Structure formats: C-alpha cells, structure tokens
C-alpha cells in the first residue's frame, strides 16, 4: 500500500482493538488523516521503519492486564531507570510499548510519538518521556484531548521537516 506524500499518515500500535478502532475513527473524521493500525510489536517496528508517518501512537502497556499492571510497571521502571539513553539497536526481546517507543525514537528521531497508558499521572508521563515519547495521554481521555495532542504533535513534525 503506497502512501501518498500529500496525505498525512499516523501509525497506531495497540493490542486493544476497541482503542485502535476508536482512535482511528477520530483521526479519520475529525483530523482527516489516514491511519495504519497494527496490533503486534514486531509489525509496529517493521511498519515504522518501512513508511514515512507524521505521527506514531503507541500503547505503552502492550499486553499488560489490570492484574499484571503493577508488576509490569515495576519492571518497566527498572528497565527505564537502568537506561542512560535509549539503545541504538532495536531490541526485539523486550516487547513492551516503552521499548518500542525507545527503539522507534532512536531510529526515526523526527517522528513524534504519542504514548497512551492506563491512567494520567505525572509518574507515567515522566516514564513515557524517558522512553522517547513526545507526549503522554492517560485513559480515560476525551476526544478533544486526543485531537489537541495529535494536532500539536503533527504540527511540530511539519516544523522539523
């Protein structure tokens, strides 16, 4: 599927089909951009490297359930604190949204990344930024909040080109 240069494209990487569909619909109807949605970590990396996107939206908590949220968060915290900077190679063994963001940011620096997570806290916002996200959006979020962040990030991407 070739991407037309005049059309803005957003890559959406999320394992939750409801969230993927909701965000894709909002982006299509409100902002008038095309969205490529993927549900798998490897496919997300491959698509991010394969095409030119104006924005990448990543579920930072890939595969984490409510029951596994806090142990998952503790692992992520240890991993991010242990990183002085993001790795320069793509680490396909660490399949979480934080490592995905870090790998993509190192490879495709000018592309802004919006990280999405299960709640809006300063702590998660800080972790997201340390993992390479330009902005973080915690659930539940409104359509207006999503649109504002996407428009801001897509505007900043145009300035960097």
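The values are calculated or read from the model by the stated rules, or taken from the named source; none is laboratory data. Note that this is a predicted model, so its numbers are computed, not measured. Cβ: placed from backbone, ideal geometry, glycine included. Neighbour counts: every protein chain shown.
Tabulated results
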quantity: Of residues in region 28-60 being over 13 Å from residue 111 (Cα atoms) and buried (at least 24 other Cβ atoms within 10 Å of the Cβ), the one modelled with the lowest pLDDT; calculated: 44
quantity: Where a residue in region 20-47 is farther than 16 Å from residue 61 by Cα and its partner, wherever it lies, is at pLDDT below 90 and surrounded by 14 or more Cβ atoms within 10 Å (Cβ to Cβ), with Cβ under 6 Å and at least six apart; calculated: 33/8
quantity: When residues of region 1-15 are limited to those that are at pLDDT below 90 and surrounded by 16 or more Cβ atoms within 10 Å (Cβ to Cβ), the one nearest to residue 62 (Cα to Cα); calculated: 15
quantity: Number of the exception - residue 144 against (1) outside any helix (DSSP H, G or I); (2) free of Cβ contacts under 8 Å to residues at least 40 places away in the same chain; (3) more than 14 Å from residue 60 (Cβ to Cβ); calculated: (1)
quantity: So residue 118, is it modelled with pLDDT of 65 or more, under 18 Å from residue 11 (Cα atoms) and in contact with a strand residue (DSSP E or B) (Cβ under 8 Å, 6 or more places away or on another chain); calculated: no
quantity: Residue that is surrounded by the most Cβ atoms within 10 Å (Cβ to Cβ), among those in region 139-154 that are within 17 Å of residue 112 (Cα to Cα) and in contact with a helix residue (DSSP H, G or I) (Cβ under 9 Å, 6 or more places away or on another chain); calculated: 150
quantity: Region 97-138 - residue that is touching a residue at least 24 places away in the same chain (Cβ under 8 Å), assigned to a loop (DSSP other than H, G, I, E, B) and on the phi < 0 side of the Ramachandran plot and, of those, surrounded by the most Cβ atoms within 10 Å (Cβ to Cβ); calculated: 133
